[in-house]
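The values are calculated or read from the model by the stated rules, or taken from the named source; none is laboratory data. Bear in mind that the values here come from a model prediction, so they are computed numbers and not experimental data. Cβ placement follows ideal geometry from the backbone for every residue including glycine, while neighbour counts extend to all protein chains displayed. These accessible areas exclude ligands, DNA and RNA; they are computed on the full protein's heavy atoms, side chains included. Shrake-Rupley method; radii C 1.70, N 1.55, O 1.52, S 1.80 Å.
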Amino acid sequence: SPVKITYMKFDLSGLAGRAITSAKLRLKIYNSSSSTQVVKRVSSTSWSEGSITYNTKPSLGTQVVSFVGGSSGIWKEVDITAAVKEKLGTLMSIAIDSTGGDGLDFYSSESSLDKPILIIK
């Protein structure tokens, strides 16, 4: 069971000084998993998608939320409001770490239609 950790970075600079009521990470699953997934804070935002490797990955921080995977083809929404509120006006990095042997697979930013979305209200 290979270790799967997914890193994401969001630019929240446009939200400086604004009040938000919710923030949900929306993921389209393409390979089912029944394992628990853990969203964790990542303090470093200096990494880049093209150069991050297992050996150069930033350290994982505290848990934001956990959720059970899901079935292929569905959209999964995960409430990460607390983490977003902490980072309003800056860059925010998070990671999704699987606690089981079958890590959740979802479409990446390279997908034209099904890329991860951060929905903020």
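Could you tell me, in Å, what Rg and Dmax come out for the Cα atoms of the stretch 63-121?
12.7, 36
With a 10 Å radius around each residue's Cβ, average the other Cβ atoms per peptide and rank 59-68, 44-53, highest first.
59-68, 44-53
Summing -39500 (n - 2.57) over the DSSP H runs of n ≥ 4 in the chain and dividing by its residue number, what mean residue ellipticity at 222 nm do you reach, to the nearest 500 deg cm²/dmol?
Estimated from H runs of four or more residues: -1500 deg cm²/dmol.
Out of residues 5 or more away from G70 or on other chains, whose amide H comes under 5 Å of its own, with H placed 1.01 Å from N in the peptide plane?
Those qualifying (amide H under 5 Å, at least 5 residues apart or on another chain) are S33.
With the convex hull built on the Cα atoms of the stretch 17-61, state its orientation-averaged projected area in nm².
Taking a quarter of the hull surface, the average projection is 5.7 nm².
At 1.4 Å probe size, what's the solvent-accessible area of L113? Round to the nearest 10 Å².
Rounded to the nearest 10, that gives 140 Å².
With equal scatterers on the alpha carbons only and no solvent term, can you work out the Debye log10 of I(q)/I(0) for the chain at 0.14, 0.15, 0.23 1/Å?
At q = 0.14, 0.15, 0.23 Å⁻¹ the computed log10 ratios are -0.58, -0.67, -1.54.
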